[in-house]
1. Calculate one ³J(HN,Hα) per residue across region 115-127 by plugging θ = phi - 60° into the Karplus curve 6.51 cos²θ - 1.76 cosθ + 1.60, and present them in order as whole Hz with x for glycine and proline.
2. How large is ³J(HN,Hα), in whole Hz, for each residue of region 303-310 in order, when computed from phi with the Karplus curve 6.51 cos²θ - 1.76 cosθ + 1.60 and θ = phi - 60°, using x for Gly and Pro?
3. Determine the sum of side-chain charges near Ile172: Lys and Arg each +1, Asp and Glu each -1, restricted to other residues whose C-beta is under 13 angstrom from that of Ile172.
4. So if each residue of separation counts as 0.36 nm, and I subtract the Cα-Cα distance between Phe401 and Gln528, what length gain in nm does that give?
5. Between rounded, prolate and oblate, where does region 490-604 land on the alpha carbon gyration tensor, with a ≥ b ≥ c its root eigenvalues, rounded for a/c under 1.5, else prolate if a/b exceeds b/c?
6. For the chain, what is the accessible area per residue in Å² when the probe is 1.4 Å?
7. Over the chain, with every protein chain in place, what whole percent of the accessible area is carbon and sulfur at 1.4 Å, could you tell me?
8. Return the loop-located GluC sites (Glu not before Pro) in region 585-630 (DSSP other than H, G, I, E, B) with at most 14 other Cβ atoms within 10 Å of their own Cβ; answer none if there are none.
Amino acid sequence: MCLLLLGPCALLLSLKVVLFTNGAEVSSGSCTFENSTCSYKSAFTFLPWTVNSEGHFISVDTSYGTAGQKAVLVSPDLQPDEWSCLRLVYQIAGTESSASPSKLNVFVRPGEESFDYLLWSSDEQSDSWLIASIDLRHTSRKYKIILEGILGADKVSSIAIFELKMTTGYCIECDFEENHLCGYMNIWNPNVNWFVGGGNIRNTPSILPKDHTLNSELGHYMYVDSVYVKAFQEVAQLISPLIISPIAGCMSFYYQLQKESSNVFVVYTRDLHGSYEEIWKMEGTRRGEWNLAEVDLNVHVPVEVIFEVAFNGVQAGYVALDDISFSAEHCSGEREPVFNVEEAGCDFEKDMCRFHQDGRDGAGWNRVKIKPNAYRIGDHTTGSGHFMLANTRFTSQPGYFGRLYGPSLPGNMQYCLRFFYAFYGFSKMNDALAVYLFEENHVVQEKIWSVQESPKGVWLQAEININKPMPCKVVFVSWCKSFWDCGLTALDDVSVSVGNCQTADRLPPPPGKCTFEKNDCGFQQEWQRRGMWHRIRGSTPTSYTGPRGDHTSGVGYYMYIEATHMVYGQKARLLSRPLWAIPGKQCLTFFYHMYGAGTGLLNVYLRKESERHKDTLLWTKKGEQSISWMKAHVEYESNKQHQIIFEAIRGVSIRSDVAIDDVMFQNGPCKDTNDSLTLQSSGYSDDFNEIDL
């Protein structure tokens, strides 16, 4: 085997050297595409994948279809007993300057769910073959792998798949014995790089070791040599495949030094936002032999693992790396991390969770419930549930502070804090709500966020990145400035996640969820004369009807009908994309907004395949409901491929805008089915403004 340099510009893979199987038996879920697609089948409603006449890859190109058309390949039922890694060798070709390049997607389709989950996606164009490594969790349920190629707008574009290989283990694991090197890549540096060592390679001034895997000169490993270093502390980086699925456990690897010196060998994680975190640094190394390193790895958001070496000079020897492995047990032997990040949040529906108030402040915050009405918004979670309210008539007084403490967050981790807030009655709301960090060990409070000016009577989302070395608590502080400027401050749906808030925004949403933030999620209009759903943000044009903002963040997008463009009784229908037929109950949840004196109806129908004229009514609401976004639960079953239809019917006046947002499809029965098939008219009792404490 010749010396192989890994770099983005190097031809790492070729048709002759990339073979995964080398004639060995093909494992379930794998395919070399030598003369066929193995047990994978093309979905016949889409473009076909074509086996190349010379063999060993399949492709689809613009000679078979036009821009936007798809080619879909479906695996047989798979059910690996252990964690698996799917490696995909592919190529996307087209014009470099294309505004709409071709795309290759990989989905997983659980056997008992109606949606495909996006695992991986790429529109990177290349003149050579590329490798993608995709972790597949072990599961007790059968599933299918879906390969979807979407042709771009180029006149000449193509997508090719050279090989698929499914192996037991994590994608991050590698002994570097196979030519694909598990998808690890070198970041090119003119003077110092990671090379493949072993296999009788001897064209380097350094004396290289036997590998650790086979303890043989024929075995392989990765190494960095100092003989080409031109400047002090030049860096070589070896980058792992992107870890997409959350993992927690112990990563181990073997490394070796030729000389004992001040060389620096560090391991980092890097997220999609580009943030680095050091997880291991070389110390106390025995020279001339393989050393074992172990480090706890807790991955909650997609990251790469980076092995980085910096030399102190030209005569600094080499650093070698071999046998990277991973275990679900932590290095200390613990199976799971102690801290559960989900316990750091609260929707306040059942209680205050792990939030509390300081006894010296009294009850500055109260957990309340407001009956849905046309004058005051309810909670953010359901529209009719509980939330926290500060500066109520029982506590308001000039100069009063109310402090609400969250649970303790361990130090040395990055968190994303999200919450919803709303205001009533303030003339000036600067600092009416602020967020502090309370460092428990040093009794230090630091303000990390405060509200400036904000729309009133609408739930708005705030998000804050937190990264502190010491354990800390989040504190929500409300401030009643004076008797004349002491309104109400509301707080709901506090959540904490690990990682950077901006990184989380780059991840694809769950396949059954649509917030309408980026697009219409595949929903389509069913033609009706003048009746249409519109995607909008902010308030609707007509006063005294429609929401002031969306449900997702308060400043995002939602779908609604504009009543001024329609006549009384006219319909607008919005159809979901086709959903797979699966056994058992399904749960559809969504938020709806029906505010306005002339509000008509909102209906939800089920349309089964080949039964277009037999739509089944699942849920309906009639008349004005509330100024709040309200949550609906709709439970249904379908043994055929089907669609869900949202139908809005214009009421008696232009004040009858109807809106929907945050649509979610889930497998299994609804946890709360109080929203059954009922007709409700507008109108409220005399106690519609009542607050339940």
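1. Once rounded to whole Hz, the list reads 10, 8, 9, 6, 9, 7, 8, 8, 10, 6, 8, 8, 8.
2. My calculation for region 303-310 gives 9, 10, 9, 10, 9, 10, 10, 10 Hz in order.
3. Charge balance near Ile172 sits at -4.
4. Length gained between Phe401 and Gln528: 40.3 nm.
5. Oblate is the answer for region 490-604, as a/c is 1.5 or above yet b/c matches or exceeds a/b.
6. I get 45 Å² per residue for the chain.
7. Carbon and sulfur atoms account for 50 percent of the accessible area of the chain.
8. Listed in order of number, the matching sites are Glu609, Glu611.
The values are calculated or read from the model by the stated rules, or taken from the named source; none is laboratory data. Everything quoted here is computed from the prediction, not taken from an experiment. Because the Cβ atoms are built from the backbone with ideal geometry, glycine has one as well, and the counts that use them run over all protein chains shown. Ligands, DNA and RNA are excluded from the accessible area calculation, which covers all protein heavy atoms including side chains. Shrake-Rupley method; radii C 1.70, N 1.55, O 1.52, S 1.80 Å.
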